[in-house]
Amino acid sequence: MQKIGVLTSGGDAPGLNACIRAVVRAGHYHGLEVVGIKRGFKGLIEREFEPLTPRDVSLIINRGGTVLLSAREPRFKEHEFRKKAAENIRKEGIDCLFVIGGNGSFQGANLLTKEFGIPVIGIPKTIDNDTYGTEYTIGFDTAVNNAVDAIDKIRDTSMSHERVFVVEVMGRDSGFIALAASIATGADVALIPEYPFPMHVIVDTVVDALKRGKRFSIVVVAEGVASAREIAGILDEKLKPFDFGGVRYSVLGYIQRGGSPTAYDRIIASRFGVFAVEQFVNGKTDIMVALENGKVVAKPLEISFGRIKKPDLTDFELNNILTI
Ligand code: F6P
């Protein structure tokens with residue numbers, strides 16, 4: 001009987017459990033043994049393996065976080081520890097390693113293939129949605145919905161007190177969450193690293209809005225641009241001559257990464273997981289699963305390395321049009 005191993009690596013994202021469930025159940029459906037590896041690459045080095053049956057993954061499709069636990073493992077950058085991981089994979093008799101992770105984890109997985117011939121399949125997850133080669137990564141929809149929920153609440157205060165609010169969202173170096181949350185909440189400005197505005201344009205936008213009778217504004221800033229505190233400080237200074245309720249800021253932080261996954265994340269995670277197992281069954285490894293034109297496809301794992309995925313310029317322009 002063939003055996004597959006599955007791990008989650010890097011920052012957690014809602015939908016990881018739905019994906020683990022899909023890999024485990026599709027694996028058993030195809031007559032494979034499935035082993036879960038705890039704490040990502042750390043568990044590979046320390047041999048934290050446990051068999052997973054279809055019943056072991058009951059009641060997790062709706063849960064945030066990851067039942068396999070996750071970690072960022074710096075030791076995996078060292079050849080010596082990758083060798084140890086490869087030895088452990090061999091000793092366990094794992095025929096293919098399924099890595100549910102982001103760019104960094106895919107690079108680690110790729111080294112296992114290149115250096116030691118371990119077959120791997122990558123399944124993309126990150127709330128940031130910044131993995132090149134796929135339109136979508138597990139967790140993004142839930143993170144955006146979490147941000148939208150929070151900004152809708154902030155808007156109540158913004159409106160009632162006629163304030164300008166600067167809201168900082170996650171995304172590391174990318175602006176996918178910021179742009180999507182901005183469009184969905186009708187924010188006045190989306191500050192994202194991919195299409196930067198000079199500060200004076202941001203100030204002018206808020207000033208123009210005030211002059212046009214908009215008594216409150218929301219500025220969404222991606223953490224990769226600047227801190228909300230910094231932007232709020234500048235706006236506060238520049239907006240002093242105007243009669244309004246003042247500037248406040250809010251950092252949404254880790255609430256974006258937690259909670260029950262949306263239906264979309266559960267469905268995509270299930271599709272990705274089942275498709276990944278089918279690839280292995282059909283003899284295809286060293287690939288990543290991707291969403292392309294709405295369809296789940298396989299791509300070379302290396303496609304995601306060293307390339308930058310940008311949000312759609314049309315969406316960015318749309319956001320600017322709608323803030324009139
Ligand atoms: O990649 C997901 C993410 O939440 C980013 O948006 C954020 O910059 C980063 O992880 C935070 O990482 P950590 O969990 O290590 O604090």
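All of the numbers you see were taken from the coordinates with simple rules; none came from a lab. Quick caveat: nothing in here was measured; it's all calculated off a predicted structure. No Cβ is skipped: glycine too gets one built from the backbone with ideal geometry, and neighbour counts run over all protein chains shown.
Model label points for residue 135 and residue 320, set 7 angstrom from Cα along the Cα-to-Cβ axis, are 2.5 nm apart. Legend: residue pairs 211/309; 38/83; 114/284; 114/299; 3/114; 125/299, Cα-Cα distance threshold 25 Å; pairs beyond threshold, 211/309.
GNM remark for the chain: springs join alpha carbons under 10 Å apart, and the peak mean-square fluctuation among 231, 37, 255 falls on 255.
The local environment of residue 214, defined by Cβ-Cβ distances under 9 Å, has a net charge of +1 under the rule Lys, Arg +1 and Asp, Glu -1. Helix 313-322 axis versus longest C-alpha principal axis of the chain: approximately 30°, rounded to the nearest ten. Rounded to the nearest 10 degrees, the inclination of helix 79-92 to the longest alpha-carbon principal axis of the chain is 50 degrees. Based on the Kirkwood approach, the hydrodynamic radius assigned to the range 141-257 is 13.8 Å, with every pair of different Cα atoms included. Computed from the Kirkwood radius of its Cα pairs, the Stokes-Einstein diffusion coefficient for the range 1-102 at 25 °C and 0.890 mPa s stands at 181 µm²/s.
The charge dipole of the range 141-257, taken about its Cα centre with unit charges on the Cβ of Lys, Arg, Asp and Glu (plus for the first two, minus for the last two), comes to roughly 280 debye. With contributions of -39500 (n - 2.57) from each DSSP H run of at least four residues, the per-residue ellipticity at 222 nm computed over the chain stands at -13000 deg cm²/dmol. Summing charges over neighbours of residue 122, with a neighbour being any other residue whose Cβ is under 14 Å away from its Cβ, gives +2 when K and R count +1 and D and E count -1.
Between 273, 258, 228, the Cα set farthest toward the positive side of the dipole of the range 189-324 (charges on each charged residue's Cβ, about the Cα centre) is that of 258. Could you give the distance between the Cα centres of the range 189-225 and the range 46-111, to the whole Å? Centre-to-centre distance over Cα atoms comes out at 42 Å. A crude spin-label estimate for the pair residue 237 and residue 305, with each label 7 Å from Cα along the Cβ direction, gives 4.4 nm.
Across the alpha-carbon atoms of the range 147-215, the computed radius of gyration and Dmax are 12.3, 34 angstrom. The three principal axes of the Cα atoms in the chain give end-to-end lengths of 73, 37, 33 Å, sorted in falling order. In degrees from 0 to 90, rounded to the nearest 10, what is the angle of the helix 103-116 Cα long axis to the longest principal axis of the chain? Result, in degrees: 20.
If a spin label sat at a point 7 angstrom from the Cα of residue 292 along the line to its beta carbon, the backbone N atoms of the range 113-133 nearer than 17 Å would be those of 122-124, 131-133.
The label-point distance for residue 91 and residue 56, in a model that sets each label 7 Å from Cα toward Cβ, rounds to 1.8 nm. Quarter the surface of the alpha carbon convex hull of the range 214-324 and you get the mean projected area, 10.7 square nanometres.
Would you work out the charge dipole size for the chain about its Cα centre, treating the Cβ of every Lys and Arg as +1 and the Cβ of every Asp and Glu as -1, and quote it to the nearest 20 debye? Provide the component values of the computation, followed by the final result.
Details: 40 positive and 40 negative charges, 137 e Å.
In debye, rounded to 20, the chain gives about 660.
The residue list 197, 108, 245 was ranked by how far each Cα lies along the charge dipole of the range 108-248 toward its positive end, using unit charges on Cβ atoms, and 245 comes out on top.
Cα centroid separation, the range 1-42 to the range 123-172: 27 Å.
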